[in-house]
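The values are calculated or read from the model by the stated rules, or taken from the named source; none is laboratory data. These figures come from a predicted structure and were not determined experimentally. Heads up, the Cβs are rebuilt from the backbone with ideal geometry, glycines too, and the neighbour counts pull from every protein chain shown.
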């Protein structure tokens, strides 16, 4: 069967093939305008309905309450972050102070060890000098024959 090209085939009109009569342009425009008017009237009636206005007011109230709760949560979060930052700063300061104290203790111990080492060296030197002086005195005594 040949595709439909708008021309009647074998004495059958296109209206007969489709099984119904196409409405003309004015009828289609009138039907579209009536549907548009009915839809607009339905929308206007719905927008003036107190139940819908009440629902809208409830949604606005819920939205505002949600915004308030979000702001409260954000404020609590910022306060918590500030507290954590302050605590971290305190801990860092304590750690730095402990490190300074440890460094001072280490320096004090090193100074004490250096002093002790210097004292030991001075004692050793004094002992060496005493032995040297004793050897010299003994040598001198042997030479003079005392």
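Taking segment 1-59 as the search range and keeping residues that are part of a helix (DSSP H, G or I) and in contact with a helix residue (DSSP H, G or I) (Cβ under 7 Å, 6 or more places away or on another chain), which one is modelled with the highest pLDDT? Of everything passing the filter in segment 1-59, 52 is modelled with the highest pLDDT.
Within segment 117-138, no residue that is at negative phi and without any contact (Cβ under 8 Å) to a residue 24 or more places away in the chain sits with its Cβ atom under 8 Å from a residue that is assigned to a helix (DSSP H, G or I) and surrounded by fewer than 10 Cβ atoms within 10 Å (Cβ to Cβ) at 6+ positions apart or across chains. Figure legend. Inter-residue proximity from segment 35-47: first residues closer than 25 Å to residue 57 by Cβ, second residues surrounded by 10 or more Cβ atoms within 10 Å (Cβ to Cβ), beta-carbon distance below 7 Å, spacing 6+ or different chains. Indicated pairs: 46/52.
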